[in-house]
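The values are calculated or read from the model by the stated rules, or taken from the named source; none is laboratory data. As the structure is a computational prediction, the values presented were derived from the model and not from experiment. Glycine also receives a Cβ, built like all others from the backbone with ideal geometry; neighbour counts cover every protein chain displayed. For accessibility, only protein heavy atoms count, side chains too; no ligands or nucleic acids. Shrake-Rupley method; radii C 1.70, N 1.55, O 1.52, S 1.80 Å.
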Amino acid sequence: MLNIKNAIIRGDSLQILKQFEDECVDLIITSPPYFQQRDYGNGELGIGNETTENDYLENLLKVFNECIRVTKKTGSIVYNLGDKYLNGKLSLIPYKFAIKANENNSAFLINQLTWAKLNPTPRQEKRKLIQATEPFFIFAKSKDYYFDLKNYLSHLDDINKNSNNKPSENLGKKYFQLIQNSDLSENEKIKAKHELNEVINLTHKGEIVGFRMKIRGIHKLAYGGQDGGRNNQIKNNGFTIIKILGNRMKKDVIESPVEITKNNHHPAVYPSYIIQELIKLLSKEGDIVLDPFCGSGTTCLAAKALGRNFTGIEINSKYVSLTNQRLKQASIQQEFFI
Ligand SMILES: C[S@@+](CC[C@H](N)C(=O)[O-])C[C@H]1O[C@@H](n2cnc3c(N)ncnc32)[C@H](O)[C@@H]1O
């Protein structure tokens, strides 16, 4: 029986994954080699060295299917891929992968998180914009996927809460007057004032940045909209309140520099910051996080730092050693700081 808990396994990810039991990991986060981008020295078995785009996609999808099989029902699978120009044309390969992966009935795409690079590599090309984004495709295995939104980017919530932009003492006053002078029924007015008080309190506590209110007969209805949407709330209740979440709004964009880490000689490392945030969003302490293209072990290190178990698969023995060395170093540092 293969021991996967807190292990870095050397070998071809497809062959190794086939030895895993069904539904034994909680989360997969990985970045496979991009198509014809760089030679990791892995010869024929190395993904990314295929001569055609189709062969590359086929190999990626074989591994992806195994990833689905080994992931628990509550789990998710995150794939990060980068695009490239082929004969001057953007290949859109990451999206071709995502479309095909999304056709699989055993997993579905819940988000495309865009990594906005704060320090993208400048290019010589004068008639194209600098590529400064990469997608992280997040697939879930079932509707019961684990998702801890509160834990994701929680440091931004704190910045928001502790900001010096204190709301004015008069916050919401004009709305009380508008409600009073409106043609809302007495009951509607009571309810509107009650909910207005609630959002004023939330704003003072820093839970939200602010709000806007729309009152029937006073504010214009929005054009269009869905059943049960704001226009209906205004028609049926006499008012609607739009909460402004500011930084607390968890969007599908994450900003991070490309990390250059001392003593890490792997050529394609992704940012530990993004991986840590994804681990916090999609897993809990004690879970198993797997990276089938482990490289220098960024996913495994992030998992360990957050009290999760890790499993890495990497074909190149040089990078297996590098990951083990970084894990050992992290343990020493942890002991040192305890
Ligand atoms: C883009 S890198 C991953 C880097 C990693 N995310 C990090 O932060 O260090 C992809 C890795 O996949 C490895 N690889 C390529 N083909 C493989 C295969 N068939 N099985 C396992 N690993 C493979 C490469 O050697 C390379 O280290």
*When the chain is treated as a GNM, springs tying every alpha-carbon pair under 10 Å, which of R69, R230, R308 comes out with the largest mean-square fluctuation?*
R230
*Any lysines with Cα under 30 Å of the K189 Cα? List them, leaving off those in the same chain fewer than 8 positions away.*
K166, K173, K174, K205, K214, K220, K235, K243
_Kirkwood-type radius of the stretch 11-63, with distances r between different C-alpha atoms, in Å_ = 12.3
*To the nearest 20 debye, what is the magnitude of the charge dipole of the stretch 80-238 about its Cα centre, counting +1 on the Cβ of each Lys and Arg and -1 on the Cβ of each Asp and Glu?*
680
_How big is the dipole moment of the chain about its Cα centre under a simple scheme where the beta carbon of each Lys and Arg is +1, that of each Asp and Glu is -1, and everything else is neutral? Debye, nearest 20, please._
1260
_Total charge dipole magnitude, the stretch 54-162, about the Cα centre, Cβ charges on Lys, Arg, Asp, Glu only, Debye to nearest 20_ = 260
*Where Rh is the Kirkwood radius over the Cα pairs of the stretch 166-248, the temperature 20 °C and the viscosity 1.002 mPa s, what D in µm²/s does Stokes-Einstein return?*
161
*Which residue, N165, N111, N324, tops the fluctuation ranking in a GNM of the chain built on C-alpha contacts under 10 Å?*
N165
*Between G312, C67, Q233, whose Cα lies farthest towards the positive end of the dipole of the chain when Lys and Arg beta carbons carry +1 and Asp and Glu beta carbons carry -1, centred on the Cα centre?*
Q233
*Using only the alpha carbon atoms of the stretch 256-301, find the Kirkwood hydrodynamic radius as the inverse mean reciprocal pair distance, in angstroms to one decimal.*
11.6
*State, to one decimal in nm², a quarter of the convex hull surface area for the C-alpha atoms of the chain, i.e. the direction-averaged projected area.*
22.8
*Where in the chain are the helices, taken as whole DSSP H runs, whose Cα atoms extend 20 angstrom or more along the long axis and whose Kyte-Doolittle mean reaches at least -0.5?*
53-70
*Long-range amide H contacts for I9: which residues qualify at under 5 Å (H placed 1.01 Å from N, peptide plane, sequence gap of 5 or more or a different chain)?*
G312, I313, E314
*What trypsin sites (Lys or Arg not before Pro) does the stretch 183-222 have in DSSP loop regions with at most 14 other beta carbons within 10 Å?*
K205, K220
*asked:* Counting only protein heavy atoms and a 1.4 Å probe, tell me what percentage of the chain's accessible area is made up of carbon and sulfur.
replied: 49
_Most positive-pole-ward Cα, S13, P33, M1, against dipole of the stretch 1-42 from beta carbon charges_ = P33
*Euclidean distance of C-alpha centroids, the stretch 252-320 and the stretch 21-58, integer Å*: 16
*Taking the chain as a Gaussian network, Cα atoms linked when under 10 Å apart, which of A303, A268, A192 shows the biggest mean-square fluctuation?*
A192
*Hey, can you find the accessible area per residue of the stretch 166-248 for me, probe 1.4 Å, expressed in square angstrom?*
66
*Hey, what's the stretch 73-135 come to in accessible area per residue, 1.4 Å probe, Å²?*
62
